[in-house]
Amino acid sequence: MARRTLPASLEQVFKERLDLTHREKKLADLERRIIQEMGRVLPSLGYRIVSANGRASKRPSLLIRKRSLDKDKSLKCPRCDRHFSLKMHVARHLSAIHGAKTAGRKAQTSKT
């Protein structure tokens, strides 16, 4: 086995590092394209892509979640047949659709 000189060994390591960096960039580009395509297709199937860590980054950790269409909607609008899962959704609906104004906390408690 022939001994390599130090400069030749360093040059080989440098070439391998460049090759790995190039392959890493190609894989990152492929991953980005796959995520974009999934982001276009999944909503039509009832799924969505969300960040797993709650932050946007160059390489986010992603989760694919099923949209919850069957949440417990036990709260009914008093003026129509719509059902909601949270009280704040009912209040928002009343305000936006039926024009209902809710009395503020101070207006309810102050009597003059």
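So here's what we get for this one:
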| item | result |
| --- | --- |
| Under-5 Å amide H pairs with Leu75, H placed in peptide plane, nonlocal only | Phe84 |
| Inter-probe distance in nm under a simple model that places probes 7 Å from Cα toward Cβ, at Ser44 and Lys76 | 3.7 |
| Förster-model FRET efficiency, 41 Å R0, Leu6 and Arg33, C-beta, rounded to 0.05 | 0.50 |
| Mean Cβ count within 10 Å, highest first, over the residues of peptides 17-30, 83-96, 35-48 | 83-96, 35-48, 17-30 |
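Each reported figure results from applying straightforward, stated rules to the coordinates on display, with no laboratory input. Being a predicted model, the structure only gives us computed values, none of them experimental. With ideal geometry, Cβ positions are generated from the backbone for all residues, glycine too; neighbour counts draw on all protein chains shown.
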